[in-house]
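Trainee: Structure provided below as structure tokens; questions to follow.
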Amino acid sequence: MAAAASVVWCLNTAWSPVIQQAISQLPDEGRIANGQLQWNQATPLVLAHNGFLVLSVDLDEPEIVNQATDVRCTFGKTGLCWGSLLGQVSIPYSTQYVWPFNRTELEPWWGAWKPIVLGGVGLTVLALLLLMWRMLAWLYSPLVRIIGFLLDRDLDWRASRKLAGAALLPGTLLLSAGMVAYGWQHLSLLGLLLALAVHGAIGWVYLVLSPFWLPRARSAPYRAGNPFESSPIPPAHSPTDHDPSAADSRRSSRPPANNPKKPANPFGE
């Protein structure tokens, strides 16, 4: 939940103001239909930007818009172009749907659906993290089981899976803190990517070192005698068999024989 909340907070802080400002700069008429953007103003045009995101329109060459931001999004004639330090990708518009691209329709839509969009992003991140942790816990559990076996630790398969899942949590907390620092502009996009790599390494460190703090395995106590009886049978040869005093004590502790006792004569002997 902390990781999902950090992602939602970062999007609301970094991207949401740019989207709101870009919508206010759109014309009153415009749409995306038949796989093409219908735009009646001069381009290239930067709609809004900050240190995190820039939104622009360029019907001729969407690649030429290059602002000093982390993520660049340019609406071209036939597709949407996304770019960052990781590279650039173009996504063509759908020819089956008609999308509004004007201030009159998008401004009330974004005002009404913004909380729902951010909430959906948070729930999606939460579900993906839970699914990913469960899969990685199953994947890493054999390694944890082997380490526990070599160290002679009290660790079965169920405990190995739980330990593998718990080992992923400290790295996720670090990445969540990195998202908050990125939203406060205390961390660059390159630093955020570095935190993404380090958070995986932290999980491996906890995965390997945690079995050292587990209790050692204890072997089951030995029970002499027949294992199918409720109480163990004493050994056949006991040291007390050669001790006369012990034999006398055993004889004295035996119950009397089951012989019928004559009733006393009420009229005398």
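Trainee: Bins of 5 Å, beginning at zero and ending with the bin holding the largest distance: percent of Cα pairs per bin for segment 90-151, please.
Mentor: P(r) for segment 90-151, in whole percents per bin: 3, 13, 9, 11, 13, 12, 8, 7, 6, 5, 5, 4, 2, 0.
Trainee: Then there is this: Suppose every Lys and Arg Cβ carries +1 and every Asp and Glu Cβ carries -1, with no other charges. What dipole size does segment 1-119 come out with about its Cα centre, to the nearest 20 debye?
Mentor: Numbers: 5 positive and 9 negative charges, 52 e Å.
Value, rounded to 20: 240 debye.
Trainee: Take LEU151 and ASP28, extend 7 Å from each Cα along the Cα→Cβ direction, and tell me the distance between the two endpoints in nm.
Mentor: Those two pseudo-labels are separated by 7.1 nm.
Trainee: Additional query: If you take the square roots of the eigenvalues of the alpha-carbon gyration tensor of segment 111-213 and sort them as a ≥ b ≥ c, do you get rounded (a/c under 1.5), prolate (a/b over b/c) or oblate?
Mentor: On the way: a/c = 3.94, a/b = 1.87, b/c = 2.11.
It is oblate, given that a/c is not under 1.5 and a/b is not larger than b/c.
Trainee: For segment 110-171, give the magnitude of the charge dipole about the Cα centre (Cβ charges: +1 Lys/Arg, -1 Asp/Glu; no others), in debye to the nearest 20.
Mentor: Working: 7 positive and 3 negative charges, 31 e Å.
My answer is approximately 160 debye.
Trainee: Of GLN96, TRP82, ASN40, whose Cα points farthest to the positive end of the dipole of segment 27-101 (charges on the beta-carbon: +1 Lys, Arg; -1 Asp, Glu; origin at the Cα centre)?
Mentor: So the residue we want is GLN96.
Trainee: May I ask for the net charge around ARG218, where only other residues with Cβ less than 14 Å from the Cβ of ARG218 are counted and Lys, Arg are +1 while Asp, Glu are -1?
Mentor: Numbers: positive: ARG153, ARG216; negative: ASP152, ASP154, ASP156.
Net of charged neighbours comes to -1.
Trainee: Using only alpha carbon pairs under 8 Å that are at least six residues apart, calculate the relative contact order of segment 27-101 and give it in whole percent. Intermediate results must be reported in sequence, preceding the final value.
Mentor: Numbers: 153 pairs, mean separation 23.8, N = 75.
Reported as a whole number, the value is 32 percent.
Trainee: Net charge near GLY165: determine it from the other residues with C-beta under 13 Å of the C-beta of GLY165, scoring Lys and Arg +1 and Asp and Glu -1.
Mentor: Values: positive: ARG134, ARG158, ARG161, LYS162; negative: none.
My count for the surroundings of GLY165 gives +4.
Trainee: In units of 2.2 N^0.38 Å, what is the alpha-carbon radius of gyration of segment 41-110? List each step's numbers first, then the result.
Mentor: Working: Rg = 12.5 Å, N = 70, 2.2 N^0.38 = 11.1 Å.
In units of the globular-protein estimate, segment 41-110 measures up at 1.13.
Trainee: Sticking with this structure for a sec: Report, largest value first, the span of the C-alpha coordinates of segment 1-146 along each principal axis, in whole Å.
Mentor: 65, 34, 32
Trainee: Give me the dipole magnitude in Debye, nearest 20, for segment 61-204 about the Cα centre, with unit charges on the beta carbon: positive for Lys and Arg, negative for Asp and Glu. Show your work: numbers first, answer last.
Mentor: Details: 10 positive and 8 negative charges, 77 e Å.
Dipole magnitude for segment 61-204 comes out near 360 debye.
Trainee: Would you kindly state how much longer the chain becomes between THR78 and SER16 on full extension, computed as 0.36 nm times their sequence separation minus their alpha carbon distance, in nm to one decimal? Let's see the in-between values first.
Mentor: Values: separation 62, 0.36 × 62 = 22.32 nm, distance 2.48 nm.
Extra length available between THR78 and SER16 comes to 19.8 nm.
Trainee: Let me ask you something else. Near LEU155, within a Cβ-to-Cβ distance under 14 Å, what is the net charge of the other residues, with Lys and Arg +1 and Asp and Glu -1?
Mentor: Around LEU155, the surrounding residues sum to +4.
Bear in mind that the values in this text are calculations on the coordinates, not laboratory data. Because the structure is predicted, anything quoted here is derived from the model rather than measured. Positions of Cβ are backbone-derived with ideal geometry, glycine not excepted, and every protein chain shown enters the neighbour counts.
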